[in-house]
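S.K.: Before I ask anything, let me first share the structure, which is written out below as structure tokens.
Where a number appears in this text, it was derived from the coordinates with a stated rule and is not lab data. A quick note: this is a predicted structure, and the numbers were derived from the prediction, not measured. Glycine also receives a Cβ, built like all others from the backbone with ideal geometry; neighbour counts cover every protein chain displayed.
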Amino acid sequence: MCGVVGIYGSDEVAYELYDAMLMLQHRGQDACGMGVFDGQHFNIHKELGLTRDVFKAKEFEELHGNVGIGHLRYPTVNGCKTRDAQPFFRTSPYGILLAHNGTLPHYKELKDRLARDEHVLVNSDNDSEIILHILAKAIARQKPHGDLTVDQVFDAMKEVYEKITGGFFVVAYIAGQGMLAFRDPNGIRPGIFGKRETKLSTDYIFASESVALGLLDFEVISDVGNGEAIFIDNKRQVHRKKIMDKKHKPCIFEYVYFSRPDSVLDGVSVYKSRLQMGRKLARQIKESGLDIDVVCPVPDTSRSTAIALAYELGLKLREGLIRNRYIGRTFIMPGQTIRKKSIRYKLSPNVVELEGKNVLLVDDSIVRGNTSKQIIDIVRQAGAKKVYFASAAPMLTYPCLYGIDLPSRKEYIANELSLEGIKQAIGADALFYQTLDDLVDAVKYADVDEFCLACFDGNYITGDISEELLKKNEQDLDMMRSCSKAYDTSDDAGTPGQPGML
């Protein structure tokens with residue numbers, strides 16, 4: 001999972017890209033980068049680290065231009081090296097700068113094909129570079145003379161869609177020609193399109209989430225449609241075309257965990273969907289007849305869910321766990337040892353709200369169960385009599401191959417143990433999972449009534465994920481961890497897409 005923003009502005013855009021990247025920082029903390037075009041050159045800076053650390057005053061001295069792209073990287077494969085940071089750039093045709101959020105499951109096959117058929121060296125372990133080269137080759141095959149025509153851009157996009165599958169939202173700038181954004185045919189990964197009227201012109205923005213727009217006074221035009229390409233030419237004329245039309249099925253885990261609660265994705269409020277998750281989950285807990293004194297969210301994603309759940313049950317909602325906001329997200333923190341230690345740094349028990357009470361903890365999900373167990377241990381050590389645990393998400397059982405770094409099947413606790421076994425393993429006195437039907441019902445709205453549920457039910461909606469590919473990915477993951485101790489996917493998604501998440 002990553003964050004992308006592209007701005008076609010009327011003045012210097014580097015500082016605005018920086019502001020938007022801060023708003024999207026929850027989508028990736030491993031690396032970040034920015035590229036702007038000054039009319040003659042692409043000025044690019046990217047490094048490992050957070051936006052606030054990578055970009056200082058001296059970096060902005062070189063980042064001149066009125067159009068640019070910013071990116072926040074969260075690696076789903078192969079860890080994160082400086083060469084994997086985005087955006088990526090190539091010189092021909094025209095010069096193209098590109099960044100993307102998502103994953104191409106057949107990355108290695110595409111990389112081999114580019115080397116064999118196109119004689120292209122892919123210099124990173126990042127599938128964004130694959131997309132860049134495929135797009136560039138598709139444009140070159142249009143044999144443009146002078147400026148690109150709109151038809152040539154969209155014809156090139158047909159070739160791109162024929163060659164890549166997966167979950168993706170892409171923003172690119174073609175030097176002197178225009179800005180291009182496109183989204184996967186099922187709309188798995190989110191993308192927003194906005195505008196802002198200025199005295200000089202109309203400025204445009206593309207971003208992974210709507211929260212990036214408000215801070216900069218952009219208004220939302222629409223989501224980028226599933227399978228849609230949007231091209232803003234060098235005269236700032238907007239051209240839109242549905243390149244590939246499939247059923248719109250956005251990733252439901254964006255609403256459970258990854259997106260900020262103040263975002264609206266595909267017309268669905270993340271905050272309101274999480275409230276609905278709480279209401280649905282409350283029905284199960286009410287039927288259990290448990291004696292509960294207090295409901296406590298596991299900071300921060302689950303707070304909205306816990307609020308609605310407590311209200312439905314007529315119970316007190318209290319902050320039983322206090323989060324240290326200077327500790328990063330364990331979900332995207334490399335290394336299980338580091339992550340385990342960080343839980344104690346990150347969450348402290350509020351003893352006055354826990355001691356002597358029957359506590360219901362509400363979290364967004366359970367992956368391996370290690371983090372859930374530690375949190376329950378913290379609450380018990382604070383003097384709680386009973387500790388119950390509720391997950392806003394159903395049992396996670398399959399890896400995500402579309403852009404969220406959820407582990408291989410054998411690492412999910414729900415694939416190893418029954419409900420009773422999980423309850424005992426994490427040390428809970430009672431355990432509740434959201435049902436899949438209730439989760440879908442909590443999120444669906446208007447025209448969005450189906451979702452990518454692959455991590456819950458194994459139905460990979462692109463239709464090209466075989467058992468062989470799943471096993472190969474698992475083998476690659478095992479080898480990567482054992483040999484290089486590179487990136488290690490997280491346990492429970494314990495800290496959310498929230499403001500102040502850094």
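S.K.: Show that you can apply the helix-only estimate: for the chain, add -39,500 (n - 2.57) for every DSSP H stretch of four or more residues, divide by all residues, and state [θ] at 222 nm to the nearest 500.
M.R.: Per the formula, -9000 deg cm²/dmol.
S.K.: With the cut-off at 1.5 for a/c, could you classify the stretch 95-134 from its C-alpha gyration tensor as rounded, prolate or oblate?
M.R.: Here the stretch 95-134 falls in the oblate category.
S.K.: May I ask for log10 I(q)/I(0) of the chain at q = 0.06, 0.11, 0.12 Å⁻¹, from a Debye sum over the Cα atoms as equal point scatterers with solvent left out?
M.R.: Values, matching the q order: -0.27, -0.88, -1.04.
S.K.: Cα-based Rg (one decimal) and Dmax (whole number) for the stretch 3-248, in Å?
M.R.: Over the stretch 3-248's Cα set, Rg and Dmax evaluate to 16.3, 50 Å.
S.K.: Continuing with the same structure: Could you check how many percent of all C-alpha pairs in the stretch 274-449 are farther apart than 27 Å?
M.R.: Roughly 22 percent, rounded to a whole number.
S.K.: Using the structure shown, select from Lys242/Lys471; Lys373/Lys471; Lys137/Lys241; Lys286/Lys385 the pairs with a Cα to Cα distance greater than 24 angstrom.
M.R.: Correct reply: Lys242/Lys471; Lys373/Lys471.
S.K.: Still on this model: Once amide H atoms are built 1.01 Å from N in the peptide plane, which residues 5 or more positions from Val387, or in another chain, come under 5 Å H to H?
M.R.: Distant-sequence amide H within range of Val387: Val359, Asp429.
S.K.: Here's a follow-up. Taking the dipole about the Cα centre of the stretch 274-449, with the C-beta of Lys and Arg at +1 and of Asp and Glu at -1, give me whichever of Ala306, Ala430, Ile378 is farthest to the positive side.
M.R.: Ile378
S.K.: Of Lys46/Lys444; Lys346/Lys423; Lys46/Lys235; Lys249/Lys386; Lys108/Lys346; Lys108/Lys280, which sit over 31 Å apart, Cα to Cα? Write out the running numbers ahead of the final one.
M.R.: On the way: Lys46/Lys444 37 Å; Lys346/Lys423 23 Å; Lys46/Lys235 29 Å; Lys249/Lys386 40 Å; Lys108/Lys346 37 Å; Lys108/Lys280 41 Å.
From Lys46/Lys444; Lys346/Lys423; Lys46/Lys235; Lys249/Lys386; Lys108/Lys346; Lys108/Lys280, over 31 Å: Lys46/Lys444; Lys249/Lys386; Lys108/Lys346; Lys108/Lys280.
S.K.: Out of the stretch 230-288, which trypsin sites (Lys or Arg not before Pro) are coil in DSSP terms and have no more than 15 other C-beta atoms within 10 Å?
M.R.: Qualifying residues, ordered by number: Lys235, Arg236, Lys246, Lys247.
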